[in-house]
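Here is the structure we will look at.
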Amino acid sequence: MGGTNAYEGVYHNEKAVFLRAGAYEAVMLPDIGGNLIAFRDIEKGYRFLHEPTPEEMPAFKARPMIHGIPVLFPPNRYQDGRFRWNGKILQLPVNEEATGHHLHGFLYNIPWEVDEYGHTGQEAYVTVSVRVDEQHPIFEHFPFRFRIQLRYGLSDQGLSQRVLITNMGTEAMPCLLAFHTSVNAPFAEGGDARDYRLKLTVGKRWELDGRMLPTGSHQELSANERAMQGSGVYPFFESMDNHYTAVPQNGRNRMELTDEAGKVTLVYDVGTSYKQWMIWNNQATEGFFCPEPQINLVNAPNMDMPSEEIGCFSLEPNEIWEETSRLYVKESRG
């Protein structure tokens, strides 16, 4: 192992915090949504996350959604921008013209504060946060006082993520979160996406209407979707912009992406607080796809369904919600 380090640097002309641990490297962009933009194995030539090229940086900054690990809070779509909460209706900006909805929240494109970075003998880490109160631009549409903190740690066991949301106000607040995690397929240099197999701990598929909102009903899984639950499937078998319940297997809620040629598997093990999965594969275009762990059903506050079933969690004053995830690599058998 080549030791650990954490230091400030520059990534495509943007301020970045670099983490190193042995062969692994990770890069955080605090000023662009606290996005963990890169996770790499330098020795093996693996780039696990979809990174922007220098030429793609203007497009990435305009819509920082399909690279790295963007933070969605509150995640996905809310009908006509309306958000029912505790007998009130909040009005979020309508920012998706095609559907007329609010999409993906407030945190993925704003600066986050670097709380600290450093390294121990075993781990390099960075912690970033956003604090929202009456002075923050978000408060106008989402009038809750809270703090969200992200910690990424890099070690010989891969990349760990801890997220901590604290209600600092005087009334209950919604705790709705997802990560638009963008994973490369292939992630190996010179690899072929046809050699890759995707497994995902999905349960039922939610039916979505013509405006991409859940109807509350479920749909039958196709043979390929059932293969996602079991032996694995080519990630680009058809265009996917699908929403599923999450059903942990063997105690874990996870995605596994196996390079059958290289006999290596990338594991994305997310916490069981994530009750839903979104999966989007860029119109079945080889290169990358997004397995998105999500606390809540799309449009959850506007759905008349049990809170636990749809992941519509709340935080009382001074309560903390915390969850962890990990990206790591394992050698495949055979």
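The values are calculated or read from the model by the stated rules, or taken from the named source; none is laboratory data. These figures come from a predicted structure and were not determined experimentally. Please note: Cβ atoms are built from the backbone with ideal geometry, for glycine as well, and neighbour counts cover all protein chains shown. All accessible areas refer to the heavy atoms of the entire protein, side chains included, with ligands and DNA or RNA removed. Shrake-Rupley method; radii C 1.70, N 1.55, O 1.52, S 1.80 Å.
Within the stretch 146-170, the set of residues being among the hydroxyl-bearing types (Ser, Thr, Tyr) and either more than 14 Å from the chain's Cα centre (by Cα) or crowded, with 23+ Cβ neighbours inside 10 Å (or both) comprises TYR152, SER155, THR166, THR170. Based on what the data block shows, is MET173 open to solvent by less than 30 Å² (accessible area, probe 1.4 Å) and more than 19 Å from the chain's Cα centre (by Cα)? For MET173, the condition - open to solvent by less than 30 Å² (accessible area, probe 1.4 Å) and more than 19 Å from the chain's Cα centre (by Cα) - is met. In the stretch 206-216, is there at least one residue being part of a strand (DSSP E or B), closer than 20 Å to PRO306 by Cβ and free of Cβ contacts under 8 Å to residues at least 40 places away in the same chain? Within the stretch 206-216 (the criterion being part of a strand (DSSP E or B), closer than 20 Å to PRO306 by Cβ and free of Cβ contacts under 8 Å to residues at least 40 places away in the same chain), the answer is yes, since at least one residue qualifies.
Pairs linking a residue in the stretch 53-68 that is assigned to a helix (DSSP H, G or I) to a residue that is charged (D, E, K, R), with Cβ atoms under 8 Å and 6 or more positions apart or on different chains, are MET57/GLU14.
The residue that is surrounded by the most Cβ atoms within 10 Å (Cβ to Cβ), counting only those in the stretch 270-323 that are of a type in the set (Asp, Glu) and closer than 16 Å to ILE165 by Cα, is GLU323.
Looking at VAL114, VAL71, can you tell me which residue is under 16 Å from the mean Cα position of the chain (by Cα), at pLDDT 95 or above, of a type outside the set (Lys, Arg) and more than 30 Å from GLY262 (Cα to Cα)?
Details: VAL114 fails: under 16 Å from the mean Cα position of the chain (by Cα).
Every option except VAL71 fails the conditions.
Here ALA223 passes the criteria (1) farther than 22 Å from PRO301 by Cα; (2) of a type outside the set (Lys, Arg); (3) open to solvent by less than 60 Å² (accessible area, probe 1.4 Å); (4) free of Cβ contacts under 8 Å to residues at least 12 places away in the same chain except the one numbered (3). Could you tell me whether GLU51 is open to solvent by 60 Å² or more (accessible area, probe 1.4 Å) and under 22 Å from ALA193 (Cα atoms)? So GLU51 does not fit the description; no. Filtering the stretch 97-153 to residues that are closer than 24 Å to ALA59 by Cα, outside any loop (DSSP other than H, G, I, E, B) and acidic (Asp, Glu) leaves only GLU113.
Residue by residue, here is whether (1) among the charged types (D, E, K, R); (2) crowded, with 17+ Cβ neighbours inside 10 Å holds:
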residue: GLY2; (1), (2): no, no
residue: GLU8; (1), (2): yes, no
residue: ASN13; (1), (2): no, no
residue: ARG20; (1), (2): yes, yes
residue: TYR24; (1), (2): no, yes
residue: GLY34; (1), (2): no, yes
residue: PHE60; (1), (2): no, yes
residue: PRO74; (1), (2): no, yes
residue: PHE83; (1), (2): no, yes
